Every structure is written in C-alpha cells, then in structure tokens.
1. Exactly one of these conditions fails for G47: (1) without any contact (Cβ under 8 Å) to a residue 12 or more places away in the chain; (2) in a helix (DSSP H, G or I). Give me its number.
2. Read through the list (1) within 28 Å of the chain's Cα centre (by Cα); (2) at pLDDT below 90, then give the number of the only condition that T9 fails.
3. Name the pairs whose Cβ atoms lie under 9 Å apart, with the first residue in segment 76-101 and closer than 30 Å to R16 by Cα, the second open to solvent by 90 Å² or more (accessible area, probe 1.4 Å), and 6 or more positions between them or separate chains?
4. Has segment 143-156 got any residue that is within 29 Å of the chain's Cα centre (by Cα) and modelled with pLDDT under 95?
5. Could you check segment 70-111 and list, in sequence order, the residues that are within 27 Å of the chain's Cα centre (by Cα), open to solvent by 90 Å² or more (accessible area, probe 1.4 Å) and of a type outside the set (K, R)?
6. Restricting to segment 39-57, what's the tally of residues that are over 21 Å from the mean Cα position of the chain (by Cα), of a type outside the set (S, T, N, Q) and open to solvent by less than 70 Å² (accessible area, probe 1.4 Å)?
7. Do we have R16 as open to solvent by 90 Å² or more (accessible area, probe 1.4 Å) and outside any helix (DSSP H, G or I) here?
Amino acid sequence: MIRLQNKLTDYPFSRRERFYNVLGLIILAVAGIAALAAYGLGPLFSGKPWQLVSPWLHVISAITGALLVWLGSGHAIKQEGTAMDASLKRFWPYRVLRWIVAKVFSIIWFVITVIFFAWIRQTPSSSPEAYDQRERNADDIWDGHPKHYYDNDPPKPFS
C-alpha cells in the first residue's frame, strides 16, 4: 500500500494568504455556479444558453479568483513541488518524463507564440495601405479608370 505524506499541512499560512485563498475560492465558486446555470441549465430549459452576466465579467472574475488563489497558496505549492522534485530526482523514469514534459510544453509555447505574433502583425483589411502594396502599372491604371471602351455604347453604325 502506498502511503502519502502530507507536508502541505505543515506549511504555516499567514493571515493574508488565508484571506486570498478564501476570497479567491468564493469568487471562483460564484463564477462556476453562474457558468453551470448559464451553460448547463440554460440549454436544458430554453434550448440556448442564458446570459446571467456578461461574458467579459465572467472571464475577469474567473481570472481574478484564480490569481487570488495563486497569491494565497502559490508559495506552498512551489515549496511542495520542490520537495517532491527533490525526492523523485533519483529515479531515472521520473527524469525522462520530466524532460519529455518540459520539451512538449516548450514546443506548445513556441507554436502559440508564432501564431500570436503572426496574428498581431497582420495588417487590417480595412486600411487603405493594405489594398495594394506594389506599384501600380499602366494596366492597373487602365482597369481603375471609370470610362473603359467596353463600358461605353458603341458608335451609331454598330449599335
């Protein structure tokens, strides 16, 4: 049987960390209940999601709750992770798995960064400079002229 030692209970949380944890968990609970009611119960009763709060308020409250929980328990999580890493470092499968996970996360981060920078460097299609980046030649001027020979009516003997 595997026995787990709970070293996290030995960490002395300060009053501020406990406050951040409680406040963040309350905000996350309210955001989770609102999401469950809107996206879980809404389609059940009305066929479409209910909008109890604005989507941006919901996202901001979820991010704020997660940040408050991280502020409250981040130091304890880091300390427990460091202790676990030190105790498992002697096993080679753990080291291999850790190396693979680090490489996978770095590749995913690279792909997300490339996609993000490609997305923000696009010129908007509504800007006048985005219409044509090359120089105009005679054919472009002719095509852009409002009176083409084929737009006019033919002369009298040919009409």
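1. All conditions are met except number (2).
2. All conditions pass for T9, except number (1).
3. Matching pairs, first to second residue: I77/W70; Q79/K7; E80/K7; A83/K7; M84/K7; D85/R98.
4. no
5. Matches in segment 70-111: W70, L71, H75, L97, W99, F105, I107, W109, F110.
6. Qualifying residue count for the region: 4.
7. no
The values are calculated or read from the model by the stated rules, or taken from the named source; none is laboratory data. Fair warning: this is a prediction, and the values are worked out from it, not measured in the lab. A quick note on method: Cβ atoms are made from the backbone with ideal geometry, for glycine too, and the neighbour counts reach across all protein chains shown. We work out accessible area using only protein heavy atoms, side chains counted, and drop any ligands, DNA or RNA first. Shrake-Rupley method; radii C 1.70, N 1.55, O 1.52, S 1.80 Å.
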